[in-house]
Each structure stands twice: as structure tokens, then as C-alpha cells.
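Below is one structure, written out as C-alpha cells; comments come after it.
The values are calculated or read from the model by the stated rules, or taken from the named source; none is laboratory data. In this text, all values refer to a predicted model and were calculated from it rather than measured experimentally. Ideal geometry is used to build each Cβ from the backbone, glycine not excepted, and the neighbour counts take in all protein chains shown. The area values use the complete protein model at the heavy-atom level, side chains included, leaving out ligands, DNA and RNA. Shrake-Rupley method; radii C 1.70, N 1.55, O 1.52, S 1.80 Å.
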Amino acid sequence: MWKAVRVGAAAVLAAALAVTAAGCGSEEPAAGDEKVTLSYAVWDKNQVPVMEELAAAFTKDHPNITINVQLTPWADYWTKLRAAVTGGAAPDVFWMNGPNIQLYADNGVIMPLADKVAEAKLDLGVYPKALVDLYTFEGKVYGLPKDFDTVGVWYNKELFDAAGVKYPADGWTWADFKAAAAKLTDPAKGVYAVGANLAGQEYYYNTIYQAGGNVISADGKKSGFDDPATIEGLRFWTDLIKNKQSPDLKTMTDTAPLQLFESGKLAMYWGGSWNVAEFGKNEYTKTRVDAAPLPAGVKQATIIHGLANVVSAKTKAPAQAWEFVKFLGSKPAAEILGKKGPIPAYTGTQDAWLAANSQFKGKVFLDAVAYAVPYPVSRNTAAWNDEEFKQLTKAYTGEVAVEAAAKELATQMNALLAKE
Amino acid sequence: MTATVTGTADDVRTAVPAPVPARRRRRWRHRGAEAAWAYLLIAPTGLGLAVFYLWPVVQTGYFSFTEWGPFGGHEWVGLDNYRTLAADDEVLTALRNTVTYTVLGLLGIPLAVLFAALLNRPRLRGVSAYRALFFLPVVTMPVAVAMVWRWLYNGDFGLINYLLSLVGVEGPHWIADPATALYAMVAVGIWTSLGYNIVIFLAGMQSIPREYYEAASIDGAGALAQFRRITLPLLSPSLFFVSVLSVIGSLQLFDLVYVMGGSGQAARANPAFPRIQTVVHLFYDKAFYTNDRGYAAAIVMALLVLIVILTAIQFRLQKRWVHYG
């Protein structure tokens with residue numbers, strides 16, 4: 001008899017545990033006028049304050065919707081986002097970039113916004129066409145452009161003065177750059193001309209297009225890495241390392257080029273317009289650095305890219321999330337963004353950005369739009385981006401000749417493109 | 001495998017399961033009611049283990065036969081992943097690195113025994129302070145440890161190279177140079193685990209009865225002979241326990257490599273990375289960076305088999321050299 005009671009008690013206990021466990025999983029669905037908290041995932045810590053300001057401005061007009069800005073540093077952003085999407089816990093609204101948009105749209109992870117844009121009678125012509133195209137997949141737009149960026153040369157005036165080199169100016173060329181690099185390098189002081197960072201957007205993509213090469217064919221089907229002009233664009237960097245005018249990969253693994261530049265060890269830093277936030281705040285760079293256009297090779301080129309805000313296809317509050325994205329794409333939001341963040345995408349709001357960053361020649365980055373090349377992407381950009389790093393590391397360390405590495409990369413990339 | 005830090009001499013001994021006599025099974029039948037209670041009481045732990053350990057293992061086993069889409073969703077591909085695995089240079093390199101780590105990591109054991117013996121000296125002053133110092137790395141978060149060592153190892157601005165420069169030596173880029181990276185990481189690994197191992201050995205040494213040493217010294221045995229003939233044999237259960245944990249820990253090394261060597265893009269731009277990537281890091285990379293989850297599952301299943309085999313070998317060998325009693 002006791003035994004039965006005991007077993008019964010155990011069963012009740014187990015059942016109770018099971019019920020509690022089940023209770024944890026369910027969440028209230030969000031309805032129209034209920035209070036909703038939207039998560040908004042971003043990766044740039046410099047922009048967190050302005051994102052929070054935008055969120056607050058939005059909540060002021062929509063008291064029922066609060067925004068929770070979630071920062072994940074760039075290095076882990078996509079890894080974490082993919083894991084979150086796979087696990088069904090994607091943020092409601094998040095930053096999207098060029099290399100990832102097609103993958104996310106193609107797999108139904110993000111919501112097409114075309115119908116909502118039409119319904120709200122939004123004019124997409126207020127954003128640069130290159131950006132709207134970047135976020136359009138199979139004829140539907142998936143994100144509202146937030147900002148744009150171009151690449152320029154940030155230089156340390158103090159180091160230029162010390163070496164007696166003229167500051168870079170409009171119309172300077174690869175030859176000018178190389179001559180300056182030779183003079184600026186000072187092994188005794190541990191100063192290098194530039195850090196040949198193994199990165200596409202700010203580094204070798206620019207020189208590839210300047211040399212007249214290409215990363216991917218216009219139809220996105222064929223790799224351009226076996227093009228001799230492309231290889232010249234890569235050699236630009238491997239030569240700098242070889243001539244010890246740039247630190248080698250070992251040094252840059254230990255200390256990132258940005259840190260080297262901010263401690264006066266690099267005379268030049270190829271960076272984006274987004275760096276104004278960092279350099280304007282850093283005690284060292286605040287007064288010592290300025291921006292110049294990229295040097296021209298066979299032609300002038302800079303990579304243009306911009307972010308967009310997208311809505312998760314699985315969000316529990318699609319109406320509210322769209323409302324927020326619409327606000328982020330609006331002129332008032334662009335004006336707030338321009339004052340404290342990157343160059344806003346909304347045409348006509350860029351003056352706020354220029355005024356807010358008047359200590360630097362910010363116009364360099366706006367002028368660059370005239371000759372800018374869109375960031376190269378395909379349906380699964382990340383796959384061949386990964387191959388770029390694997391193959392080019394060998395060229396940068398000098399383990400493999402740059403032609404051989406580039407050709408191998410082209411072969412691997414074409415194989416990946418064929419699978420898309 | 002989780003190593004709990006409750007190392008007393010008794011724990012160490014019970015950590016090694018005694019052979020189960022066949023008789024016991026019959027006895028259990030008579031204890032039905034008590035057994036029901038026993039099961040009920042271990043149910044929370046048992047359930048936890050089943051849900052959070054066993055079930056994921058089974059699932060991973062299943063996933064190792066599948067291919068994943070970029071955002072979940074998978075299809076059965078049979079042995080494809082294992083076929084790729086067998087021919088994958090990257091896996092082979094990671095495996096070689098992991099084995100090197102494991103073997104070099106074992107060097108930490110004699111070191112720990114030595115320190116434990118020194119700390120066990122009866123009239124050592126400030127012994128608690130020393131013990132606390134040695135144990136400090138164990139209670140520090142691995143990521144913090146790795147971060148600090150990363151700075152120490154920095155080729156241009158690190159403390160180690162600065163000290164070397166004072167004596168006129170130009171130190172390498174410790175963790176970015178293929179020639180040194182692996183050893184630099186092994187050193188940190190040994191340093192971190194030293195404290196834990198010392199505690200186990202200290203406990204083991206203190207459970208050895210004093211009388212043995214007294215008898216030995218009456219018979220004229222010196223300190224070294226006592227250490228060899230009494231301490232080492234009686235310490236063998238602790239040695240066995242530590243070596244099993246050390247091997248498993250090394251085979252599963254991840255955090256040090258992740259923080260010091262980088263991950264994803266940063267790892268690929270680190271020229272030393274192919275020399276330090278471990279199997280678990282490769283698994284992480286495949287599962288979460290390149291999103292090849294099925295293949296990643298196959299990699300850890302292979303690692304699981306390796307761990308089981310190595311641990312089984314260790315348990316077999318223990319009969320030859322471990323003395324209980």
C-alpha cells in the first residue's frame with residue numbers, strides 16, 4: 001500500500017515538473033495595440049548611442065513599441081545571427097549587408113518589403129540606386145537602406161610632416177602612393193607606411209578595380225581573380241609587405257592595423273567613411289589624422305556599400321517591426337543618424353553628416369560616390385569570401401606567389417559559384 | 001566531461017569505478033521499494049544528463065549523416081560526410097595538432113607532482129599563500145586567461161618580448177608564428193591546469209600514512225628513495241585520474257585557441273592558424289562559421305570515438321601501474 005502511494009507521489013511530482021517545463025516555452029502572441037518590445041540587432045558599438053537615440057525617438061511617437069538595441073560585435077554577428085535564425089530566435093529587426101542579403105532573402109529568413117513599401121507609398125528614389133539594387137532580390141526589395149560608405153585613405157599628418165612628405169590630395173596615383181610609402185617607412189621607429197590588412201572592402205577590392213580588374217563578373221557567375229589586372233590589384237598589397245612598407249600578417253595578427261594606426265605606427269590607414277566616429281573620438285587620432293581619396297591606378301575606384309534594416313520573416317510583431325524600419329528609413333531618422341553616425345542613405349541629408357564631422361575632410365567620401373564600384377556579391381557571397389581568406393593568406397605571407405594563389409582562388413570560387 | 005573541483009583523496013579513489021560483482025544484480029531485486037526511491041532521487045540528475053548530454057550525443061550522431069541548409073533544415077546523405085572527412089587535409093592537420101597538444105600537455109603532470117611535493121613539505125612557511133597562488137589560474141575564467149596571455153605574447157608590444165629585449169633577444173610573434181604558436185599555447189594550457197592538478201596530488205599525498213615514511217627512514221631510506229618507493233606508487237590513483245582528465249581536456253581544447261588564435265575571418269588571416277587549430281575548433285568553425293553542420297557533426301563523432309578509444313586504453317593500462325590501497 002505504501003509502495004503504491006510512493007509511486008503515485010512520484011508520478012504526480014514528475015507530472016508537475018513536466019507541466020512547469022512546458023509552461024516556460026509559451027509566449028504571448030503580440031496583438032495590435034498591446035505593448036511590444038522589438039529586438040534590434042546591430043554590430044557597430046560606435047553606433048549604439050545613435051541607434052538608441054533613434055529607438056527613443058520612435059518610441060516617443062509609438063508609446064506601445066519599445067526597442068531593445070542588441071549589440072553583437074562584427075566578428076560574431078553573422079555567426080550568432082545564423083544560429084539564432086536556425087534556432088527560431090532571430091531578432092525582429094536587424095542590420096543587413098551586401099554579402100548576406102541574397103542568402104537571407106533566398107532562404108525566406110527576412111520579409112520582402114515590396115508590398116509594404118507600395119502600400120505606404122514610399123519613394124525608394126530617395127536612396128542611391130546602387131543600394132536599392134543591392135537589397136533587391138528577384139525583383140522585390142527586402143531592406144530599406146540605412147547608410148552608405150565609401151573608402152578613402154586616412155593619414156597621420158604628424159608622420160607625414162616628420163618624413164617631409166606632402167599630404168595626399170585629389171588626383172594622386174599609385175606611383176605617388178608608392179613613393180610616399182617608401183619615404184614614410186621608418187624601421188628604426190617601428191613606423192610603417194600602411195597596414196596591408198587582409199580585407200576586401202577597404203583594401204584589395206579597391207585596388208583590384210583600380211587596376212581594371214574585377215572580383216566577380218557582372219552577371220555574378222564567374223570569378224575575376226584569374227584576370228591579370230585583378231592580380232595586379234592584389235600585388236599592390238603583397239609588394240608593400242615584401243618591401244616591409246607594411247607590417248607582415250604576423251604583426252597584424254598580434255595587433256590589428258587600426259590599433260597600429262591609432263598608436264602612430266602606421267602613416268596611412270585605408271578605411272571607410274564610418275571611421276569618422278572612431279577617429280573623432282580617439283584621443284590620439286582626433287587631431288592628427290585626416291582623410292584623402294584613394295590613389296588612382298589605371299582608373300579611379302572605391303567600393304561603395306551600405307547597410308539596410310531588414311525585418312525577420314518570423315517576427316511576432318510584423319506590423320510594428322515594419323513601422324520601425326519605415327521610421328529608420330525616413331528623413332527625420334536620417335537626420336539624427338547623420339549627426340552622430342555614418343553617412344545617411346537618404347538623399348539630401350548628408351550635409352548633417354559633413355557638418356557633424358567638420359574636423360575631417362568628409363567630403364572626400366561623398367565625392368567618391370561619382371566613381372564608386374558596388375560591393376561585389378552573389379547569392380552565397382560568404383562561401384567564396386571564406387575562400388578568399390584561405391588562399392590569399394598564403395600570398396600575403398609569401399608562401400605562394402600571388403598569381404598562383406589568385407588562380408587557385410578563381411578555380412575554387414568558380415566551383416562555389418556553379419553550386420549557387 | 002566536466003571536472004568538478006572537489007578533489008579530496010576519497011573522491012579521487014571513488015572516481016575510478018570498482019568492478020561490479022555479478023552478485024549485486026540479484027541483491028537489487030529484494031530492495032524494490034528502496035530502489036524506487038533511489039531512482040526517484042537520482043531522477044533529476046538522470047533526466048538532466050539524458051536531456052542535456054545523452055540526447056544531444058544521439059542527435060549529433062544522426063546529424064553526422066545529414067547535410068544542412070544555411071538556416072537549418074537537413075537531408076540524409078548517408079556516409080558522405082565521413083567520406084569527405086577521411087580525405088580532408090584540414091581534419092588531418094587539426095587531428096595532428098590535437099594529438100601534439102595532448103602529448104605535450106601531459107608534461108604538466110610531472111610538473112604538478114613536483115610542485116605538490118614541494119608544497120607538501122611539513123615546515124614550509126606561507127604554504128597556504130603558495131597554494132592559493134597556484135590555484136588562482138584555475139578559478140580565473142579561461143577567456144580572461146587567454147586574453148591576458150595574448151597580450152603577454154604580443155610580438156611587438158608584449159611583456160615577454162620586452163623582457164627578452166632587455167637581454168638582447170628578439171622574441172618571435174609567439175602566437176602568430178607557425179614555428180612557436182603551438183608551443184606557446186601548450187605552455188598556457190599547462191599553466192592553467194597546474195593548480196588543479198597540484199590540489200589533486202596534494203590531497204593524494206596527504207592521504208598517505210605518515211608511518212610508511214617513518215618506517216622507511218628508520219630503515220635508512222633517503223628523501224628521494226621515499227618519494228620513489230612510497231609517494232609515487234601510492235599516488236598512482238591520483239596520477240591516473242589526472243592523466244585521464246588531462247588527455248580528455250586536451251583533446252577537447254577549444255577556448256584557448258578561440259581567444260588566442262582567433263576565429264572565422266581573423267583566424268584565416270593568422271598565418272599560424274593551421275598549426276594551432278584543434279579538432280574542436282575545427283568543429284566550431286564548420287558548424288557555426290561556414291555552417292556545414294552535418295560535416296561538423298561527423299568531425300565530433302570521430303573525436304568522440306578517439307576519446308573513447310584513448311580512455312579505454314588508459315583504463316586497460318592502469319592495471320599495470322595503478323595501486324589502490
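Of all the residues in the range B:251-274, those that are within 14 Å of A:Lys390 (Cα to Cα) and touching a residue at least 12 places away in the same chain (Cβ under 8 Å) number 8. With the condition kept exactly as written, say whether any residue in the range A:325-345 is surrounded by fewer than 20 Cβ atoms within 10 Å (Cβ to Cβ) and within 26 Å of A:Asp106 (Cβ to Cβ). Looking through the range A:325-345, at least one residue is surrounded by fewer than 20 Cβ atoms within 10 Å (Cβ to Cβ) and within 26 Å of A:Asp106 (Cβ to Cβ).
Among the residues of the range B:88-95, is there at least one that is of a type in the set (S, T, N, Q) and open to solvent by less than 70 Å² (accessible area, probe 1.4 Å)? For the range B:88-95, residues of a type in the set (S, T, N, Q) and open to solvent by less than 70 Å² (accessible area, probe 1.4 Å): present. When the range A:103-119 is filtered for residues that are of a type outside the set (A, V, I, L, M) and within 14 Å of another protein chain (Cβ to nearest Cβ), the ones remaining, listed by number, are A:Tyr104, A:Asp106, A:Asn107, A:Gly108.
On the given criteria, is A:Glu158 open to solvent by 40 Å² or more (accessible area, probe 1.4 Å), farther than 29 Å from A:Asp133 by Cβ and in contact (Cβ under 8 Å) with a residue 12 or more places away in the chain? Against the criterion (open to solvent by 40 Å² or more (accessible area, probe 1.4 Å), farther than 29 Å from A:Asp133 by Cβ and in contact (Cβ under 8 Å) with a residue 12 or more places away in the chain), A:Glu158 qualifies.
Only a single criterion out of (1) crowded, with 16+ Cβ neighbours inside 10 Å; (2) in contact (Cβ under 8 Å) with a residue 12 or more places away in the chain; (3) out of contact with any strand residue (DSSP E or B) (no Cβ under 6 Å at 6 or more places or on another chain) is not satisfied by A:Lys178, namely (2). Of all residue pairs spaced 6 or more apart or on separate chains, those with beta-carbon atoms under 7 Å, a first member in the range A:189-201 that is in contact (Cβ under 8 Å) with a residue 12 or more places away in the chain and a second member that is buried (at least 24 other Cβ atoms within 10 Å of the Cβ) and in a loop (DSSP other than H, G, I, E, B) are A:Tyr192/A:Ser246; A:Tyr192/A:Pro247; A:Ala193/A:Ser246; A:Val194/A:Ser246; A:Gly195/A:Ser246; A:Gly195/A:Pro247; A:Ala196/A:Ser246.
The number of residues in the range A:219-270 that are within 14 Å of another protein chain (Cβ to nearest Cβ), in contact with a helix residue (DSSP H, G or I) (Cβ under 6 Å, 6 or more places away or on another chain) and part of a loop (DSSP other than H, G, I, E, B) comes to 2.
Listed by position, the helices (runs of 4 or more DSSP H) inside the range B:217-325 whose residues that are out of contact with any Lys or Arg (no Cβ under 6 Å at 6 or more places or on another chain), at pLDDT 90 or above and within 14 Å of chain A (Cβ to nearest Cβ) number at least 2 are B:273-276, B:279-284, B:293-321. Return a yes/no flag: does the range A:346-363 have any residue that is open to solvent by less than 40 Å² (accessible area, probe 1.4 Å), part of a strand (DSSP E or B) and touching a residue at least 24 places away in the same chain (Cβ under 8 Å). No: the range A:346-363 contains no residue that is open to solvent by less than 40 Å² (accessible area, probe 1.4 Å), part of a strand (DSSP E or B) and touching a residue at least 24 places away in the same chain (Cβ under 8 Å). Taking each residue of the range A:317-335 that is farther than 10 Å from A:Pro145 by Cα and looking for partners that are charged (D, E, K, R) and in a loop (DSSP other than H, G, I, E, B) with beta-carbon atoms closer than 7 Å, six or more apart or interchain, yields A:Ala317/A:Asp92; A:Ala321/A:Asp92.
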